[in-house]
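To start, the structure under review is shown below, and the notes come after it.
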Amino acid sequence: MTKTKTMTKNMTKNMTKTMAKNMARTGATNPLATNPLSTNPLSTNPMSGDGRLKIALQKSGRLSEMSVGLLEKAGISLTKSRDQLLCRAHNFPLDVFLVRDDDIPAFLATNVCQVGILGQNALLEKQALFAEKYAALEEVMALGFGRCRLSIAAPTSFEYRSVDSLNGKTIATSYRGLLEAYLRDKGVEADIVTMEGAVEVAPRTHLADAICDLVSTGNTLISNGLQEQDVILQSQAVLIKNNNMDSELQEIYEKILSRIRAVLRADNSRYIMLNSPIDSLDAIKAVLPGSASPTVMPLQGREDMVAVHAVCEEEVFWTTMEELQRNGANSILVVPIEKMLD
Ligand code: PRP
Ligand code: ZN
């Protein structure tokens, strides 16, 4: 945290000159000048004007590898030096900031970065705590990884009947904003203790009666004698952006967005090939999952059979393959798709 802040401040200092020059050249006024954020040193929008889009990713932790991996799948090659705050893409006008996930919303709100990847939980928590500051941040799309949930959990000895059982109790969490909103909505009055980490030990040390924390496999809860009671939020990694993006960067953003969409689509799609009796072609087409119009081709030397190729935009299960087989299909082949662009 401290490290990130310091480095960012230094970078801000170095970049302000360039920015001032750029703004003078274009006659632009700093769009953030009238923003309440402008008291923040980051809000001087240090690196705008160099024509490169800035994306903030988690430096280390759950989402880190998948986030970098997603960019790589989108054909963006990065210098892999994880100790650096900033790495540049060689083949795309994109700079990657590797920061603490908790800091990502601030990097976007101050326009140091225009896009980011982080857990929905982290974005919603910041927006619950500081609605105005993070109002310009928008979730663009869910990325299908880093799935977890924010839940209330209590020791197994706690007689938990419903969320009402938390009235008058103390709850430890790193998600005060979301928890407060949830309790308010349910009409429950409880004390909240904010903890930065190790929330799961709070009941054992009598700091709190219950906790509200992220659950993924559930192992942390089990090994701390806690039982999950209420799910407050289902979360996963999302692509977020700052809505105040200048038009030059907007173009780069659109390009990257379309590539990421294509990667996600390809990840979820399969190419299926099979041979089908002409007579049962309709039945076989009906079984093919999530495929609009398969390609049908003649099979040399066979009057009664055709080859069918289709892109299925969902998983192809064994049960589906068996059903295809029951309908007379043979030589069924399902292969992954690497890239896909309409
Ligand atoms: C989260 C959460 C739990 C754990 C849950 O912590 O705070 O401790 O993951 O995962 P599980 O259900 O798979 O056991 P994280 O590892 O992200 O670190 P942090 O608490 O230090 O932020
Ligand atoms: Zn934890």
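So the values come out like this:
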item	result
Spherically averaged projected area in nm², based on the convex hull that wraps the Cα atoms of the range 241-342	8.2
Whether the range 297-342 is rounded, prolate or oblate, judged on the alpha carbon gyration tensor where a/c under 1.5 counts as rounded	oblate
Likely footprinting exposure, His309, His206, fewest C-beta neighbours within 10 Å first	His206, His309
Placed amide H near Gly146: partners under 5 Å, 5+ positions off or other chain	Ala237
Computed E for Ser247/Asn91 - FRET, C-beta separation, R0 30 angstrom, nearest 0.05	0.85
Theoretical FRET efficiency, 1/(1+(r/R0)^6), r = Cβ-Cβ of Asp304 and Asp185, R0 56 Å, to 0.05	0.30
Cα extents of the range 141-240 along the three principal axes, largest first (Å)	38, 30, 25
Integer Hz, Karplus 6.51/-1.76/1.60 couplings in order for the range 298-315, x for Gly and Pro	x, 9, 4, x, 10, 7, 9, 10, 10, 9, 10, 10, 8, 8, 9, 8, 6, 5
Estimated dipole of the range 61-119 in Debye, rounded to 20 [Cβ of Lys and Arg +1, of Asp and Glu -1, Cα centre]	160
Residue exposure sequence - Lys186, Lys73 - by fewest surrounding Cβ within 10 Å	Lys186, Lys73
Cα centroid of the range 131-199 to Cα centroid of the range 274-302, whole Å	51
Candidates per GluC sites (Glu not before Pro) in the range 119-219, loop by DSSP, up to 14 other Cβ within 10 Å	Glu132, Glu159, Glu189, Glu196
Contour excess over end-to-end distance, with Cα ends at Ser331 and Ala131 and 0.36 nm allotted per residue	66.3 nm
Translational D in µm²/s for the range 168-327 (Stokes-Einstein at 25 °C, 0.890 mPa s, Kirkwood Rh from C-alpha pairs)	115
Karplus (6.51, -1.76, 1.60) ³J(HN,Hα), θ = phi - 60°, over the range 324-332, in Hz, Gly and Pro reported as x	4, 5, 4, 7, x, 6, 9, 6, 7
20 Å Cα-Cα threshold exceeded, pairs from Lys54/Lys339; Lys59/Lys255; Lys133/Lys241; Lys59/Lys133	Lys54/Lys339; Lys59/Lys255; Lys59/Lys133
Residue order, fewest to most surrounding Cβ atoms within 10 angstrom, among Phe107, Phe158	Phe158, Phe107
Share antiparallel - DSSP beta bridges, the range 69-209, percent rounded to 5	50
Where Rh is the Kirkwood radius over Cα pairs, Rg/Rh for the range 50-133	0.97
Amide hydrogen neighbours beyond the local backbone of Asn327, cut-off 5 Å, H modeled	none
Lys, Arg +1 and Asp, Glu -1 on Cβ, resulting dipole of the range 179-260 about Cα centre, debye, nearest 20	240
Whichever aspartates and glutamates have a C-alpha closer than 14 Å to that of Lys169, once near sequence neighbours (fewer than 8 apart) are set aside	Glu159, Glu180, Glu189, Asp191, Asp209
In sequence order, calculated HN-Hα J values of the range 153-161 (Karplus, 6.51, -1.76, 1.60; Hz; x Gly/Pro)	9, 9, x, 4, 6, 6, 7, 9, 9
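Here, each number is a calculation from the coordinates, and none is a lab measurement. If you're wondering where the values come from, they're calculated on a predicted model, not measured in any experiment. In this analysis, Cβ positions are derived from the backbone assuming ideal geometry, glycine residues included, and neighbour counts consider all displayed protein chains.
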